[in-house]
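Right, one structure below, let's go through it.
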């Protein structure tokens, strides 16, 4: 591990100034991903700027009905918060579906968003990887591709190809819930819609997000939304716990009494370089009856441009039917719950 | 590059000077000769290094010591006063919840931290009603302890041991 200096500025603005001024400095929060990367030799910063205690660890109600989550709030505390559990259940479930109890006690809201792909080739310094070593190639394209992308990836040219997926569960729920990310830079604070925070690989897979070096996430705002209370998160993985998603779905449905879908929010995990807002699925659902045929058509609409990795050592074609099945199961579940709620609320 | 820091480990106060790259796990084992937490994978995947850091179960292999100046660390060794066994440790003995024992200190710290979380009403991903009370059945215990691997495969007895203690914890 390369030697590094450790700094703990007095406030968030000081941390931003320090990292902005030093291309060799990085922020440290919970450390669950960064410390591993230091050990792997994947991250070689000259200075760690610890932001623990510099961003809020509180979850607060805002006057407009939003819930503000400080960037320093631990994943375990966010999942346990009563308001999150009742108003944004998909977020609580996504958090609880991620990592382990120990890691959730350590990982922060800001850090979770900025964790990096678990692509085995990205983490293996002996192999080509355009994300880690731009221009070197993508080893996953003809390698062990199982956790890799089916949507929005770059398959060619070879020098920029990247089929990595974003590993966060939390971020998938936040995308479905239309969260707003508050970011502090040297010019002050700006707000980035969560759906715009993470990038597709495009022609520069080395960059995961739109944040500039030195910009610090200070909070995540969850807007008020009646539909969010009827949200859920479903995760499919190779083992029942403590594994990254092969495919996941965060969704919310508003179904009218006559069975028509009034509103829908759908995001997919495990399928792309960023948490994937399934806008084609949403458009296909709204106004249609909440039936199996509608759900199937909605899944097809999203996957029409899908392109799996076709590797001789296992590709990601299996994810296409898995996305459909997971989406259908989630939408069925939400529809049944909405019906149950309506029945309960019937005065008769 | 070095840093001076203090740690309270199992009730004993220590001051030490470490390279900034030192993890809490290495500070405990290599600098303070506290060998109860074990180094398994050193990548946050096995849970053998689990300690209670300021009261919460934490992976000491992914925690930099320099970032935890002043912290209070409890290892499996320090859970009960000298000469006594913590109820979770006693249950591990009673239920034969280990074979080689390498993962056991991490399992015990994780179970103790988990029982506190459950007593505080924290749900898990297998909790049916997110807003409801927590009942520590076998599925809940297995899910909540999934961050601790046991390569001997003593899981069935580990769940028995934790279930016994869990049944006495406030629901």
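Just a few scattered comments:
- Among the residues of the range A:11-41, those identified as out of contact with any strand residue (DSSP E or B) (no Cβ under 8 Å at 6 or more places or on another chain), at the interface with chain B (Cβ under 10 Å from one of its Cβ atoms) and touching a residue at least 40 places away in the same chain (Cβ under 8 Å) are A:33, A:40.
- Strands (runs of 3 or more DSSP E) wholly inside the range B:23-118 containing at least 3 residues that are within 12 Å of another protein chain (Cβ to nearest Cβ): B:50-53, B:56-59
- Residue within the range A:186-208 that is within 30 Å of residue A:67 (Cβ to Cβ), in contact with a helix residue (DSSP H, G or I) (Cβ under 9 Å, 6 or more places away or on another chain), surrounded by fewer than 17 Cβ atoms within 10 Å (Cβ to Cβ) and touching a residue at least 60 places away in the same chain (Cβ under 8 Å) present: yes
- Filtered residues of the range A:78-135 (kept if surrounded by fewer than 20 Cβ atoms within 10 Å (Cβ to Cβ), more than 12 Å from every other protein chain (Cβ to nearest Cβ) and without any contact (Cβ under 8 Å) to a residue 24 or more places away in the chain): A:124, A:126, A:127, A:128, A:133
- Subset of the range A:1-30 (residues that are farther than 14 Å from residue A:111 by Cβ and in a strand (DSSP E or B)): A:5, A:6, A:7, A:25
- Residue B:124 being surrounded by 15 or more Cβ atoms within 10 Å (Cβ to Cβ), modelled with pLDDT of 95 or more and assigned to a loop (DSSP other than H, G, I, E, B): yes
- Only residues that are touching a helix residue (DSSP H, G or I) at 6+ places or on another chain (Cβ under 9 Å) and part of a loop (DSSP other than H, G, I, E, B) were counted across the range B:161-171, and they come to 4.
- Condition met for residue A:257 (assigned by TED's automatic domain parsing to the domain that holds residue A:177 and out of contact with any strand residue (DSSP E or B) (no Cβ under 9 Å at 6 or more places or on another chain)): yes
- Residue check, residue A:293 in the same structural domain as residue A:115 (by TED's automatic domain parsing) and in a loop (DSSP other than H, G, I, E, B): no
- Tally of residues being in a helix (DSSP H, G or I), away from every other protein chain (no Cβ under 13 Å) and surrounded by fewer than 18 Cβ atoms within 10 Å (Cβ to Cβ) across the range B:142-160: 1
- Some residue of the range B:1-20 being within 9 Å of chain A (Cβ to nearest Cβ), buried (at least 19 other Cβ atoms within 10 Å of the Cβ), touching a strand residue (DSSP E or B) at 6+ places or on another chain (Cβ under 6 Å) and free of Cβ contacts under 8 Å to residues at least 24 places away in the same chain: no
The values are calculated or read from the model by the stated rules, or taken from the named source; none is laboratory data. Here the structure is a predicted model, which means the values were calculated and not measured. Glycine gets a Cβ as well: all are built from the backbone with ideal geometry, and neighbour counts include every protein chain shown.
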